[in-house]
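Before any comments, here is the structure.
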Amino acid sequence: MNTNSSFFVYALPKSNSLGHYVKDKDIAHGLKKVVDAFEKNFEGYQSGNIQLEIFYKKDNEQELVLAQQTISKMNIFLGLPVHTWENSGYEYLKSAIRWESSSKSIFDVLDYLAVHKKELLPLFHFTVLQFYHYGTKITENAQITYIVDSGKLFIDLYMILPYSSNEERMYQLIASLYKELPFKLNPKNFRRLGPKNNRRALWKLDDETQQLLESYLI
């Protein structure tokens, strides 16, 4: 990356802990739209381990039976859990178990949960996440965590646009992502990464650049 040039950075505010909500009742369908958009507009990707966690109450007999069935199936599908916490009966928090796998993807997990849903805890008892790097091995242009939480899909996104901020193709890329992603990029979340006052840092966009950017987000 040329340190004398400026680039656009898209980052969610710290107050947004989960990310953009994808309004699609079919979580796998919504997720595929997101993945397809990033694979089309960035050079490639590398993914991290899948993480799956379940939460359940031990004092609810029906829920406990489903939890035990879920644990047995996840042990076969993902291997033994990496973390277990059981409520001793004196705390409000639910018991929790977490698995990780390097051989399964978030799509594999969603397919498995859909096929076996009658034998498992309902989806709102699950948290599933996977971290992806988009870009080349030299430059990671996007760091994205796909999160399924409480039965909903969220996209936690940090993105450095791979072209200089004065290039037309950079605006075209933003416009393409805006149209193809199943959630709306917020123009107020863009910053300029580049030099100013002998410093290289993230800066708020000037009014002219902000207006130009927003003209592409239609």
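The values are calculated or read from the model by the stated rules, or taken from the named source; none is laboratory data. From a predicted model like this one, the values you see are computed outputs, not experimental measurements. Glycine also receives a Cβ, built like all others from the backbone with ideal geometry; neighbour counts cover every protein chain displayed. Surface areas here come from the heavy atoms of the whole protein model, side chains and all, with no ligands, DNA or RNA. Shrake-Rupley method; radii C 1.70, N 1.55, O 1.52, S 1.80 Å.
Some points to look at:
- Some residue of the range 200-213 being open to solvent by 70 Å² or more (accessible area, probe 1.4 Å), among the hydrophobic types (A, V, I, L, M, F, W, C) and touching a residue at least 40 places away in the same chain (Cβ under 8 Å): yes
- Residue among Lys58, Lys25, Lys14, Lys40 that alone is surrounded by fewer than 15 Cβ atoms within 10 Å (Cβ to Cβ) and more than 27 Å from Leu185 (Cα to Cα): Lys58
- Failed item, numbered, when Lys58 is tested on (1) within 30 Å of Asn141 (Cβ to Cβ); (2) assigned to a loop (DSSP other than H, G, I, E, B); (3) among the basic types (Lys, Arg): (1)
- Sole residue being among the hydrophobic types (A, V, I, L, M, F, W, C), modelled with pLDDT of 95 or more and in a strand (DSSP E or B), chosen from Leu66, Leu52, Leu80, Leu31: Leu52
- Sub-6 Å Cβ pairs linking a first residue in the range 52-69 that is over 13 Å from Ser95 (Cα atoms) to a second residue that is open to solvent by 40 Å² or more (accessible area, probe 1.4 Å) and not hydrophobic (A, V, I, L, M, F, W, C), at least 6 apart or interchain, are Gln69/Glu119, ordered by first then second residue.
- Arg169 being of a type in the set (D, E, K, R), in contact with a strand residue (DSSP E or B) (Cβ under 6 Å, 6 or more places away or on another chain), open to solvent by 20 Å² or more (accessible area, probe 1.4 Å) and touching a residue at least 60 places away in the same chain (Cβ under 8 Å): no
- Those residues of the range 2-28 which are closer than 30 Å to Lys196 by Cβ, part of a loop (DSSP other than H, G, I, E, B) and not basic (Lys, Arg), in sequence order: Asn2, Thr3, Asn4, Ser5, Ser6, Leu12, Pro13, Ser15, Asn16, Ser17, Gly19
- Within the range 126-218, strands (runs of 3 or more DSSP E) holding 3 or more residues that are more than 20 Å from Phe107 (Cα to Cα) and within 20 Å of the chain's Cα centre (by Cα): 152-164
- Scanning the range 31-50 for residues that are under 30 Å from Lys94 (Cβ atoms) and over 12 Å from the mean Cα position of the chain (by Cα) yields one hit, Asn49.
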